[in-house]
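What follows is one structure encoded as structure tokens, with my remarks underneath.
The values are calculated or read from the model by the stated rules, or taken from the named source; none is laboratory data. Values in this document were obtained by computation on a predicted structure and should not be read as measured data. FYI the Cβ positions are ideal-geometry reconstructions off the backbone, even for glycines, and counts take in every protein chain you see. We work out accessible area using only protein heavy atoms, side chains counted, and drop any ligands, DNA or RNA first. Shrake-Rupley method; radii C 1.70, N 1.55, O 1.52, S 1.80 Å.
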Amino acid sequence: MSRLKRLIREIHRRSLWQVLLIYVGAAWACFELIDAVTNRLGLPAWLPGLAVVLFLLGLPFVVATAFVQEGVGGGAARQEAATPGAEPAEAEPTGGAPEAEVPGGVRRVFTWRNAILAGLATLALLTLSIPTYMGLRTAGVGPFGTLLTQGVLEERDRVVLANFENQAGDPRIAVVATQWFRTALAQSTAVQVAGQEYVANVLRRMGREPNAPLDYELAREVAVREGLKAVTAGEVIEVGGGYVVSARLVAAETGEELWTDNEAARDSTAIVDSIDRLSRRLRERIGESLRTVRGNKPLAQVTTSSLEALRKYSLGVRAIHVEGDVAKGVGLLREAVAIDTAFAMAYLQMGWAAFVAERRTPTVRAFTRAYRYRDRLTERERYLTEGGYHAAVTGEHEKAITIARTLLDVYPDDLYGASLLWGLYALDQRFERAEEVARRAIEADSSYALNHWALLNIQVSLGKFQEAQATLERMVEVGNPYSLGAAVWLAIAREDHDGVVASVRAVNDSYAGDPYWRAFASSHLAGVAWLRGHLDQAERELRDALAGWEAAGRVQRYLRLAVWLALLRLQLDGAVERGIQTVDEALERHPLTTIPALDRPYAELAEFYAIAGELDRARGLLAEHDAATDPELRWPTEDLRHRAAGYIALAEGRHAEAIAEFRLSDDRAGLRCRWCALPPLADAYDLAGEPDSAVAVYERFLGGVVVGIDELHAAARYRPAVYERLGALYEARGDTAKAIHYYGKLVELWEDADPELQPRVEAARRAIEALTPDT
């Protein structure tokens, strides 16, 4: 108690204004501390306000105590000075003008001791209110309970977001309000917003247009059909010169309002802040951690304050993910970033669209800009941007994997995070992990079509054909748009060539008139024809595919396919001049200078010219490749560059250097063609006089599962010659059984090949007859 007495004596020394300043200063310091702790620890938002009320209520008591005790700068201070060490008088006259006598009962109440004790009791009450409130909130008691603790919603429930109703003059406002609210609510760790792709798939199953406007009634219908519990809706009303933004959460089955609130906005630029506040209050009502809700950046900071930029972004995202019109969507996103050059969300969407389309330069440009402005993204989108940047730009896959896993730890059902993670595992050929992630993503949301396509390809890469078939059947059953392409690739992997042809024809029938799918179909038909030795048919299909890629604006694909067309004749019937003419004409039609540097097929062209004996041109192309591209950005084509260098060394008889280059190519092989460096590596070993190594590498090549168009064309290019050479090598070893096996594989593959290939088939048959013992 001695400290309390000393404090009381010190107060008696002060004037009234000094006491007031001390009180206000102490109250302000306490308020700042409470406000900081509230934000940092996620305490109730009303806590700072309650503290202000209590401080204001305490102010009259302090003033009254100062007057009642009359020790403010008067007698009490003088008495203390005259009698050192004596107890201060609680009611000593201060001198001067006579003052009214204060009743003793009042003096006993309004003492500094009581004032200080009352202050401590108030702080204790304030502190006690926090665990009491949090306990009632957690227990779901009365108005303090949340929708999660009351059992109305469950953790990670999916909520359908209806379009905001527009009762404002500007038609853009409802569109951008919906997008702002979607972005804000998507930050929630308690519930998830049904994605636009999800809703579009439900509408298709309902027999509705997938891009139908999602008004409140249609949103409820979607939710009820899918067994979802809640729908969010809102409206923007123009009032005078400002706006009122309202939002509500409604039980899908009954239409009961579970939460409703509104916010005023002084003008259109303030709507984003109103929606931000509304969405945070909704997330708190649902039951999300208060600390998480308050930890998110302001909505205006992570999107854009431009109505027009956000409207174009919203329409662009819808065009890509709902309408399937990537060109239209990217065009709208470009218009959005032209309005707001720091609009990171738009750059992020452009980056993913370019990445899927295999357009390296726009991928790098968009992801780099999104990464530069990543502080203007929500936490979820920042993770996606950083992961995408390291996956697609820098090639730091382990760093990207760590980021994707962190994203999924925070948002376990994030579809794009799962897609990023299984894609990274697949790129690094860790297919078991990729399969696990893809399955988990499908369990979280079976409507996302791309995950089924990914799972099938991963299963094919693992040789799990029966499981892949089951996945395909599920895709067909639900009308997955990737099912036709998946059927083609599964047939390729199973070496069911007739099945490939049938599936490709189904693609043609479904996408008649679409140049992309025309090129897709013809490229696959060409691969099967080439593999089976039907060279004239393969050439016709390749030329048709060239026309398709050109019409689709895929110049890089066009040039790569021109190389395949040239190799078709060059390697099978020795038509070197004809092959060179084919590639030269393609380059004259589409010069490399018309293509962004990172997208130019330097390495494929260099490889072709090396095989054709044009070594100076091959070396020149590699030198141009090195000069025109940033070393830190060309990692995706390093395998192709090493392979081209290997062919140059092989043509010059530098077998050891060729082996080293082909091995580097194999080490860096990506998903495009995982084993394309193996046949030339085996050839190099063979020419270097290392037949055992050649046999091992040839057989490793034949053991690979063929997935996709590039591996199909590589199989057509290399497999027949590998069968021939393995037969000869095993024959030289004296291993009759294996020699017969591989000669027989060639005969089986080319049984009905074109006439110009039949001499090689007959040679294989004669070898089999010579090796077969007489019975």
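Go through (1) of a type in the set (A, V, I, L, M, F, W, C); (2) under 30 Å from the mean Cα position of the chain (by Cα); (3) assigned to a loop (DSSP other than H, G, I, E, B) one by one and return the number of the condition ALA512 breaks.
Here ALA512 meets the rest and fails (2).
Is it true that ALA200 is surrounded by fewer than 19 Cβ atoms within 10 Å (Cβ to Cβ), farther than 12 Å from ARG158 by Cα and of a type in the set (A, V, I, L, M, F, W, C)?
Working: surrounded by fewer than 19 Cβ atoms within 10 Å (Cβ to Cβ): no; farther than 12 Å from ARG158 by Cα: yes; of a type in the set (A, V, I, L, M, F, W, C): yes.
The answer is no for ALA200.
Any residue in the range 340-356 that is surrounded by 22 or more Cβ atoms within 10 Å (Cβ to Cβ), more than 16 Å from the chain's Cα centre (by Cα) and modelled with pLDDT of 90 or more?
yes
Among the residues of the range 518-548, how many are touching a helix residue (DSSP H, G or I) at 6+ places or on another chain (Cβ under 6 Å), hydrophobic (A, V, I, L, M, F, W, C) and open to solvent by 10 Å² or more (accessible area, probe 1.4 Å)?
Residues in the range 518-548 being touching a helix residue (DSSP H, G or I) at 6+ places or on another chain (Cβ under 6 Å), hydrophobic (A, V, I, L, M, F, W, C) and open to solvent by 10 Å² or more (accessible area, probe 1.4 Å): 2 in total.
Name every residue in the range 600-621 that is in a helix (DSSP H, G or I) and either surrounded by fewer than 20 Cβ atoms within 10 Å (Cβ to Cβ) or of a type in the set (Ser, Thr, Tyr) (or both), in order of residue number.
Once the filter is applied, which keeps residues that are in a helix (DSSP H, G or I) and either surrounded by fewer than 20 Cβ atoms within 10 Å (Cβ to Cβ) or of a type in the set (Ser, Thr, Tyr) (or both), the range 600-621 yields TYR602, TYR609, LEU615, ASP616, ARG617, ARG619, GLY620.
Please note which helices (runs of 4 or more DSSP H) are completely contained in the range 656-775 and include at least 2 residues that are aromatic (Phe, Trp, Tyr).
Helices (runs of 4 or more DSSP H) meeting the threshold: 691-702, 708-733, 736-749.
Write out, first by first residue and then by second, each pair whose Cβ atoms fall under 7 Å of each other, whose residues are 6+ apart or on separate chains, and whose first residue, in the range 689-703, is within 16 Å of SER665 (Cα to Cα) while the second is open to solvent by 60 Å² or more (accessible area, probe 1.4 Å) and not acidic (Asp, Glu).
TYR698/ARG725
Of all helices (runs of 4 or more DSSP H) completely enclosed by the range 290-407, which ones contain at least 2 residues that are in contact with a Phe, Trp or Tyr (Cβ under 8 Å, 6 or more places away or on another chain) and β-branched (Val, Ile, Thr)?
Helices (runs of 4 or more DSSP H) meeting the threshold: 360-372.
Return the total of residues in the range 430-452 being modelled with pLDDT of 90 or more, open to solvent by 30 Å² or more (accessible area, probe 1.4 Å) and within 19 Å of ARG672 (Cβ to Cβ).
The total comes to 1.
Being of a type in the set (Asp, Glu) and open to solvent by 40 Å² or more (accessible area, probe 1.4 Å) is the filter here, so list the residues in the range 391-415 that pass it. Working first, answer last.
Looking only at the range 391-415, we keep the residues that are of a type in the set (Asp, Glu), and these are 396, 398, 409, 413-414.
Within the range 391-415, GLU396, GLU398, ASP409 meet the criteria.
Output the qualifying pairs, or none if there are none: Cβ atoms under 7 angstrom, residues six or more apart or on different chains, first residue in the range 388-409 and within 15 Å of ARG430 (Cα to Cα), second residue charged (D, E, K, R).
Final answer for the pair search is HIS397/ASP428.
Scan the range 303-331 and report the pairs whose first residue is among the hydroxyl-bearing types (Ser, Thr, Tyr) and whose second residue is surrounded by fewer than 20 Cβ atoms within 10 Å (Cβ to Cβ), with Cβ atoms within less than 7 Å and a gap of 6+ or a chain change.
Listed pairs, sorted by first residue: SER305/THR269; SER306/ILE339.
Could you list, in sequence order, the residues of the range 254-292 that are among the β-branched types (Val, Ile, Thr) and in contact with a helix residue (DSSP H, G or I) (Cβ under 7 Å, 6 or more places away or on another chain)?
Matches in the range 254-292: ILE271, VAL272, ILE275.
Within the range 117-127, is even one residue modelled with pLDDT under 70 and either surrounded by 12 or more Cβ atoms within 10 Å (Cβ to Cβ) or in a helix (DSSP H, G or I) (or both)?
Yes, the range 117-127 has at least one match.
Would the range 289-311 turn up any residue that is among the small types (Gly, Ala, Ser), surrounded by fewer than 23 Cβ atoms within 10 Å (Cβ to Cβ) and within 20 Å of ARG158 (Cβ to Cβ)?
Checking the range 289-311: at least one residue is among the small types (Gly, Ala, Ser), surrounded by fewer than 23 Cβ atoms within 10 Å (Cβ to Cβ) and within 20 Å of ARG158 (Cβ to Cβ).
Please go through the range 416-429 and pick out each residue that is of a type in the set (Gly, Ala, Ser) and open to solvent by 30 Å² or more (accessible area, probe 1.4 Å).
Result: no residue meets the conditions.
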